[in-house]
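The values are calculated or read from the model by the stated rules, or taken from the named source; none is laboratory data. What you see is a predicted model, and the numbers here were worked out from it, not measured in a lab. Here the Cβ is made from the backbone with ideal geometry for all residues, glycine too, and neighbour counts use every protein chain on show.
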Amino acid sequence: MGLQLIVTVKQVPDTHNVSGDAMKDDGTVNRAALPTIFNPEDLNALEEALQIKELTGGSVTCISMGPPNAVEVLKECLYRGADDVILISDRRFAGADTLATSYALKCAIERVGEYDLILCGRQAIDGDTAQVGPQIAEKLNINQLTCISAITAVDEESITVKRSVEDGYEIVKSQFPALLTITGTANEPRPANAKKVMTYKNIGKEMCNTSYDESYIASDSCAILNHVKEWNVEAISADPEQCGLSGSPTKVKKIQSVVLSACESRQVANSDAGVAELIHELIEENIIG
Amino acid sequence: MANFYRDNADILFHMRNLDMTRVIDLKEDGFSEKESSPFAPKDEPDALDNYDRVLEIVGEIAGDFADPRAREVDEEGATFADGEVTYPKGIRETVARINQADLAGFTMPREYGGINMPITIFSAAIEIISRADASLMLVFGLQGLSDTICKFGSEEQKQRHLPRFASGEVMGSMALTEPDSGSDLQSVMLRATQDEDGTWRLNGVKRFITNGCGDISLVMARSEAGTTSGRGLSLFIYERDQDMKVRRIEHKLGITGSPTCEMQFNNAKAELLGKRKLGLIKYTIYLMNGARLAVAAQSVGIAEAAYRKAYAYANDRTQFKQPIRDFAVIYEMLTDMKVAIEASRSLVFETSRIVDIKEGIEERVEKHPDRAADLKDDLKRYTRFASLFTPLAKSLAAEMANKVCYDAIQIHGGVGFTKEFDVERHYRDARITNIYEGTTQLQALAALGGIIAGVVSERLSEYEESFNFSTVAELIKPTQKMRSHLEMAISYIKEKGDAVYQEFHATRLVNMTTDVINAYLLCQNALHSERKKTVAKLFITKANLRVKSTLDYILANDHSLIDLHDEVIDKEV
């Protein structure tokens, strides 16, 4: 018994430590100039998964799509107690927007096979779209519970969660399988475990071809992985057209650095005409409407 | 996202430059576990990398977790009701993290569930933890208990107790002090008697016991009825049951998050650790030495916390249209604080390394009796060094922490005296460091024998032989001069052969000694860094003056205070 849990994680530029050359002239992110970190809310998702596992048993598999050095965030998952980790990496995944990313992750999740819950961070600090989790759920045609600030109950068939909504929260229950996106307030992620760090710090990754069909989830939870699995487009049976740049309808037109500054407040006349004028102006400025 | 290891350039400096070769060789016994344990290092760089990574975890727990909770821990304090002690919430939560990260068996061998870190790394970890919360160190730093069981217990006792310490399932205390036996532990009266079947029973009271409410206590008791000396004492492992009552906990000035218990043993069942009669003279000495080094590291951590806050405040606070750090009276304080912290840290690392080597040799002799003869002299040498350096490090660091915290409040001015700022907490927490595990005065007496016997000179000569100080000639020359002053003082006192005069100057001699050792250690640091040259220069300039004036006082053969103190303290007008 026990639940099969999948956590999606992302290596992101540390946007809290942005230096001057963080952006290239063409408006794309200069990843080389930024230190990379484990996307904070993905750590919250991992923490929830580990806590569920401690409660119900089972196993936690972490999946990340990214360049080869994204293996580092997967090692961080092992350091905290993940049972298995998979890196989705291929040049053909490069330049993916949320649609192509969720497609690739969905293919990888299907390759993993059995699962009860998928946990994602609500959003990544580089794009802040909060779209990938919900898109994966749609593509897999499973329930999605977004913006989760607490898991209030979990049993072998269902999960009950607290969702943050605009003016409060709601308690929602779902049968498995389901996808959860977890917010930063849900928990305080655990630190790495000393023994696991010393065990896994030197493991490498190993490319797995399409015929790679070992059981991905170690039956013996004490088993020690000796490598991080790396899957390419073929390994997850993905359509190359739907991956990376070619699968991404999003085109960045322009990136602007908006600096908000305080200015004089403006009085609007306390009359129907005044309000109408304000609404008109807000529509003109594309702020509402 | 604060990491109290990664953000500490001086600890990182030591981690890069400490010569750990021998420590690692001994601790890993030729990397004998590299095949059998998945997390044992395969070579020296691998071991060093492990140390770095483990300290990173400690730094994260300290910075991200313990530090934000420390003020609340201090305010809440440990509480006592209905015979039960409750730790503050923040301590409970952080201890859970420490256990979750597998850091509770820090120095314990892997075979019992530990991570086999050297004491040098443990000292760094204690400093890092104490910078966040000095109270927390009283749980994390008490791992010496399991070390004592590991070193002196039977294999069966080790199998039974150690894994529980390593997982964090049990915590414990060292129950030594009694209402009438503080510094003078030879007078311990708690009775240990044997039932007809050989079961040991404890009866009596222990006082001032940190974590006395814990699951397992090492209790020193008089097992030899009718004796009055330290040789009638044995050490017992007591596992908490209904036959021991915590009667109360102390209301203290500082480290309020750590419960200090009074324990009443009522015919409580216990098991003997090691051999009878060695309780004080062997086991407790070992246990206490470990604890003294831990307190030294704790002191450095508290001082580091206070210094950082004073530095930030002095930069921030403007008076007379300039930041107060630009006033000579303030920047001198800041400089002295930082130099003192770095000097103490060097001494704590040096002492830790010495203790690691001493312990490592002992273990090697035990594992490979055939090599005992080769290692005999080395073991004696490092035992001498460890006995001298431990009290030196403890007294220096503890007094330093008090001074640094005092000055940190001074730099804050009025607000430093309020609870709005953290420095008053650090000040209160620091105040115990020069009292518990043996007062500074007791440390001086403990170190005095080694100083008089020439152990300090032996070690200083080793420094002269092992390091090429020619590139720091401007530093080593005044250091050598200081050394000659120290040796003049030592030989004067030795030749005089006056026990009263010797005791009278004990603390002064110890201070001279630590000044000279620190000067040598800072010269060694200066070989690796330009900035450290400056640190050494500033330290040596002031230390030279202190050493010279102390020498003058000692050579003056002035007995007036010894002769006349009654006149002043007992009489009025």
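Here are the criteria: (1) at pLDDT below 95; (2) out of contact with any Pro (no Cβ under 7 Å at 6 or more places or on another chain). Tell me which single one A:THR36 does not satisfy.
Every listed condition holds for A:THR36 apart from (2).
Hey, could you check segment B:91-102 for residues that are away from chain A (no Cβ under 12 Å) and in contact (Cβ under 8 Å) with a residue 60 or more places away in the chain and say which is surrounded by the most Cβ atoms within 10 Å (Cβ to Cβ)? Please lay out each step first, then the result.
Going through segment B:91-102, the residues away from chain A (no Cβ under 12 Å) turn out to be B:91-92, B:95.
Narrowing further to those that are in contact (Cβ under 8 Å) with a residue 60 or more places away in the chain: B:91, B:95.
Working: B:ILE91: 27, B:VAL95: 18.
Within segment B:91-102, the match that is surrounded by the most Cβ atoms within 10 Å (Cβ to Cβ) is B:ILE91.
Hey, among the residues in segment B:73-84 that are part of a helix (DSSP H, G or I) and surrounded by fewer than 19 Cβ atoms within 10 Å (Cβ to Cβ), which one's farthest from the other protein chains (Cβ to nearest Cβ)?
Narrowing segment B:73-84 to residues part of a helix (DSSP H, G or I): B:73-76.
From the residues that got through so far, the ones that are surrounded by fewer than 19 Cβ atoms within 10 Å (Cβ to Cβ) too are B:75-76.
Details: B:GLU75: 20, B:GLU76: 19 Å.
The qualifying residue farthest from the other protein chains (Cβ to nearest Cβ) is B:GLU75.
Looking at segment B:499-506, is at least one residue closer than 29 Å to B:SER299 by Cα, in contact (Cβ under 8 Å) with a residue 24 or more places away in the chain, within 23 Å of the chain's Cα centre (by Cα) and surrounded by 14 or more Cβ atoms within 10 Å (Cβ to Cβ)?
Taking segment B:499-506 first, the residues closer than 29 Å to B:SER299 by Cα are B:502-506.
Then drop every residue that is not in contact (Cβ under 8 Å) with a residue 24 or more places away in the chain, which leaves B:502-506.
Then drop every residue that is not within 23 Å of the chain's Cα centre (by Cα), which leaves B:506.
Checking which are surrounded by 14 or more Cβ atoms within 10 Å (Cβ to Cβ) leaves us with B:506.
Looking for residues that are closer than 29 Å to B:SER299 by Cα, in contact (Cβ under 8 Å) with a residue 24 or more places away in the chain, within 23 Å of the chain's Cα centre (by Cα) and surrounded by 14 or more Cβ atoms within 10 Å (Cβ to Cβ), one finds at least one in segment B:499-506, hence yes.
Counting only residues that are of a type in the set (Gly, Ala, Ser), under 25 Å from A:CYS77 (Cβ atoms) and away from chain B (no Cβ under 14 Å), how many does segment A:165-203 have?
First, pick out the residues of segment A:165-203 that are of a type in the set (Gly, Ala, Ser): A:168, A:174, A:178, A:184, A:186, A:192, A:194.
Narrowing further to those that are under 25 Å from A:CYS77 (Cβ atoms): A:174, A:178, A:184, A:186, A:192, A:194.
Remaining after also requiring away from chain B (no Cβ under 14 Å): A:174, A:178, A:186.
Final tally of qualifying residues: 3.
Restrict the check to segment B:25-47 and report whether at least one residue is within 23 Å of the chain's Cα centre (by Cα) and either among the hydroxyl-bearing types (Ser, Thr, Tyr) or over 30 Å from B:GLU250 (Cβ atoms) (or both). Walk me through how you get there before you give the answer.
Going through segment B:25-47, the residues within 23 Å of the chain's Cα centre (by Cα) turn out to be B:26-27.
Next, from what is left, pick out any that are either among the hydroxyl-bearing types (Ser, Thr, Tyr) or over 30 Å from B:GLU250 (Cβ atoms) (or both): B:26-27.
Yes: segment B:25-47 contains one or more residues that are within 23 Å of the chain's Cα centre (by Cα) and either among the hydroxyl-bearing types (Ser, Thr, Tyr) or over 30 Å from B:GLU250 (Cβ atoms) (or both).
Identify, please: which residue in segment B:19-44 is more than 14 Å from chain A (Cβ to nearest Cβ) and surrounded by fewer than 19 Cβ atoms within 10 Å (Cβ to Cβ) and is, among those, farthest from B:ASN116 (Cα to Cα)?
Applying the filter and picking the extreme gives B:ASP19.
Consider B:VAL58 carefully, then state whether it is within 13 Å of another protein chain (Cβ to nearest Cβ) and in a helix (DSSP H, G or I).
Values: within 13 Å of another protein chain (Cβ to nearest Cβ): yes; in a helix (DSSP H, G or I): yes.
So B:VAL58 passes the test.
Right, A:LEU140: touching a Lys or Arg at 6+ places or on another chain (Cβ under 7 Å), surrounded by fewer than 21 Cβ atoms within 10 Å (Cβ to Cβ) and on the phi < 0 side of the Ramachandran plot or not? Even if it seems obvious, please write down each step before you answer.
Working: touching a Lys or Arg at 6+ places or on another chain (Cβ under 7 Å): yes; surrounded by fewer than 21 Cβ atoms within 10 Å (Cβ to Cβ): yes; on the phi < 0 side of the Ramachandran plot: yes.
Answer is yes for this residue.
How many residues are over 18 Å from B:GLU127 (Cβ atoms), away from chain A (no Cβ under 13 Å) and under 24 Å from the mean Cα position of the chain (by Cα) if we restrict to segment B:61-72? Walk me through how you get there before you give the answer.
From segment B:61-72, those over 18 Å from B:GLU127 (Cβ atoms) are B:68-69, B:71-72; that's our starting set.
Imposing the further condition that a residue be away from chain A (no Cβ under 13 Å) reduces the set to B:71-72.
From the residues that got through so far, the ones that are under 24 Å from the mean Cα position of the chain (by Cα) too are B:71.
Going through segment B:61-72 one residue at a time, the tally reaches 1.
Consider segment B:197-213. How many of its residues are out of contact with any Leu (no Cβ under 7 Å at 6 or more places or on another chain), surrounded by 19 or more Cβ atoms within 10 Å (Cβ to Cβ), within 24 Å of B:LYS275 (Cα to Cα) and not hydrophobic (A, V, I, L, M, F, W, C)?
1
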